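The values are calculated or read from the model by the stated rules, or taken from the named source; none is laboratory data. Predicted, not measured: the structure shown is a model, and the values here were computed from it. Note that each Cβ is placed from the backbone with ideal geometry, even for glycine, and that neighbours are counted across all protein chains shown. All accessible areas refer to the heavy atoms of the entire protein, side chains included, with ligands and DNA or RNA removed. Shrake-Rupley method; radii C 1.70, N 1.55, O 1.52, S 1.80 Å.
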Amino acid sequence: MTRSDLCELGLVDLARQIESRLVSSTEVVEAALARLDRLEGQLNAFITVAHEQAREAARQADEELARGVYRGPLHGVPVSVKDLFFTAGLRTTGGSGILADWVPDEDSALVERLRAAGAVILGKTNLDEFGHGGTSTVSHFGPVHNPWNLERIAGGSSGGSTAAVAAGIGPLSYGTETGSSVRRPSAYCGVSGFKPTFGLVSRYGSFRGAWSMDHVGVFARSVEDVAMGLDAVAGYDPRDPASVRQSEPSYTRRLDLHVRGVRIGVLRRFLDEGVDPSVLSAFEVALRTLSAAGAEVVDVDIPELKYAAMTSMLTSAAESGANNVRWLRERPDDYQLEIKRRLAGGLGITASEYLTVQRARYRIREALRAAFETVDLLANPTTSRVAPLISLGPRGNGDQTYRLGYTHSSLLRFPSLLGLPGCSIPCGANAEGLPIGMQLVGRWFADQRVLNVAFAYQQATEWGVRKPRLIQITDLHRE
Amino acid sequence: MASERVARRLALLEGVSLSQADLESIVAEFEDFDRALRELEAFAEGVPWPSLPVQPYM
């Protein structure tokens, strides 16, 4: 098997190959590093690459396997993590000049669990500074470029992770979401991204954006791989005050294709304005696929959702501003300009205004609770358009979050505002081949249902197996 | 009234060193805040004050 072949294997297949010792972790990791080194100059998906640490971890994984020690499906598998997660002995910057040279002495909970599972950390992926953005262009380390078209954004703030996965640099990556930072870049980069119910995955040892909305997310090239990646890291952690007790995660084992009778609600009113025709068309085809599989697709209306975007942004602004007050006072000029202004502005929200926003949040939450009495999932296009051009700047992601009305921003932001499980999976492409994503959102703790319906959809379509032309060119130079 | 409101918000940024261009950008964002907050105050009318733990689904 060539190095290119190894890079194209998904996590499930790779795990099988490593466990059977048909390939070694060292071979797989070297293949991933070779692809990374070949493409990174164009993508800028990574801030720090752990060449030697990864090789040493792969060597140890192979030694363990030779001794009959097998830690599970992630044993010896190369993965990347967003540079918000602490990695002991490996630089962790948050995408910021403030921490450009900081090396933590402890792992985040996420990385602890990955190492315990035998995963090999390839490196730290690029992001909008401290996760505050939707483009992955506002980084001290420069913008991430979309593998599908290098002039376009990868989306943010987890753009480095999604670009890496889309480019085949490791089958799995982990990121975070406060507003839309798992689902938006997943849609733009044509990968499967999942944001679990709030509290399912520990955030201990990562930089906080907004305490009440930060989630850990998983990226892979298939939902089956996402489920496997989620199994390795989900679980109660008393060090994260938001962590919830749950039974042993086994999302992979409980994946099934049964969508017959699943009620899927579509918020039609939000699709009347500002959604690109190619995105809408791909979404409608996706709905027909789900209907053909036996799902019951119905129109629903949740008018309260039109306040979701502004509620999310004001909550995030106040919490993020407060979280950054020390550095804003001590090192304001070490922030990216856009981020400094946004965080400082958040300090200007008063306590009583923040509480008013939380009352609005409560009302939206109760509206969703009622809606989930009539439907099992909500579906919509993840984003209103394909990945915008990098040249449009940080506001170019199209977020008009303070504009009242049935704008797409509210559909994008309500899952993380309310802690609902949600995913984005590829469902089409525009005339230029740029990916389009479909978002599925379930009620609280219905993570398995979301994954199952997404999995069933992927088994019925080919959208998840396309790869960027950048990679196709690379494949011409097989080793 | 508007300038008083802006001044009150800016007072909350005490200790943060900002350029004139920073301030202009932030004040423009304050206008967005005010617009959104007017809508949310009306929307939240009658809703109980929060008294729940951090998990939003409880």
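Things worth noting here:
- Solvent-accessible area of A:THR197 with every protein chain in place, 1.4 Å probe, in Å² to the nearest 10: 0
- Counting only other chain Cβ atoms within 10 Å of each residue's Cβ, the peptide A:108-116 averages 0.
- Label-to-label distance, nm, for residues given as B:ALA21 and A:ASP105 (7 Å Cα→Cβ offset): 4.1
- Estimated vicinal HN-Hα couplings, Hz - the range A:303-312 in sequence order (Karplus 6.51, -1.76, 1.60; Gly, Pro = x): x, 4, 5, 5, 9, 5, 5, 5, 5, 5
- Applying a DSSP loop filter and a limit of 11 other Cβ atoms within 10 Å to the chymotrypsin sites (Phe, Trp or Tyr not before Pro) in the range A:301-351 leaves nothing.
- In this calculation the C-beta distance from A:VAL325 to B:VAL47 is compared with R0 = 30 Å, giving a FRET efficiency of 0.60.
- Relative contact order of the range A:166-317, pairs being alpha-carbon contacts under 8 Å that are 6 or more residues apart, as %: 22
- Converting phi to 3J(HN,Hα) with the Karplus coefficients 6.51, -1.76 and 1.60 and the offset θ = phi - 60°, the range A:200-213 yields 6, 10, 5, 9, 4, x, 9, 5, 7, x, 10, 3, 7, 9 Hz in sequence order, with x at every glycine or proline.
- Rg of the Cα atoms in the range A:231-389, relative to 2.2 N^0.38 Å, amounts to 1.35.
- Calculated FRET value between A:ARG67 and A:ARG239, using beta carbons and R₀ = 41 Å, to 0.05: 0.80
- Accessible surface of A:GLU27, taken over heavy atoms with a 1.4 Å probe and every protein chain present, rounds to 100 Å².
- Within 10 Å of the Cβ of each residue in B:2-9, the mean number of Cβ atoms contributed by other protein chains is 1.
- Amide H within-cut-off set for A:ILE47, under 5 Å, with H built and near neighbours excluded: A:LYS124, A:THR125, A:ASN126
- Total lysine pairs under 25 Å (Cα atoms) in the protein assembly as shown, excluding pairs fewer than 8 apart on one chain: 9
- Backbone amide hydrogens, once placed in the peptide plane, bring A:THR87 within less than 5 Å of A:SER108, excluding anything fewer than 5 places away on its chain.
- Normalised contact order of chain A, rounded percent, pairs of Cα under 8 Å and 6 or more residues apart: 17
- For A:ARG268, the shell of other residues with beta-carbons less than 14 Å away shows a net charge of -3, using +1 for Lys and Arg and -1 for Asp and Glu.
- Under 16 Å from a label point set 7 Å out along the Cα-to-Cβ vector of A:THR374, the amide N atoms of the range A:296-323 belong to A:296-306.
- Taking 1.306 mPa s as the viscosity and 10 °C as the temperature, the Stokes-Einstein diffusion coefficient of chain A based on its alpha-carbon Kirkwood radius rounds to 73 µm²/s.
- The protein assembly as shown - share of DSSP beta bridges that are antiparallel (%, nearest 5): 65
- Approximate spin-label separation A:ARG253-A:ALA351, in nm, with each point projected 7 Å along Cα-to-Cβ: 4.8
- Extension gain (nm, one decimal) between A:MET1 and A:GLU19, 0.36 nm per residue minus Cα-Cα: 4.9 nm
- Gyration tensor (alpha-carbon) shape descriptor, the range A:167-236, a/c threshold 1.5: oblate
- Farthest positive-ward along the protein assembly as shown dipole, Cα basis, beta-carbon charges - from B:ALA7, A:THR289, A:PRO147: A:THR289
- In the range A:152-274, inverting the average of 1/r over every pair of distinct C-alpha atoms gives 15.6 Å as the Kirkwood radius.
- Spin-label model, A:SER291 to A:GLN60: label points 7 Å out along the Cα-to-beta-carbon direction sit 5.4 nm apart.
- Counting, for every residue in A:336-347, the Cβ atoms of other protein chains within 10 Å of its Cβ and taking the mean gives 5.
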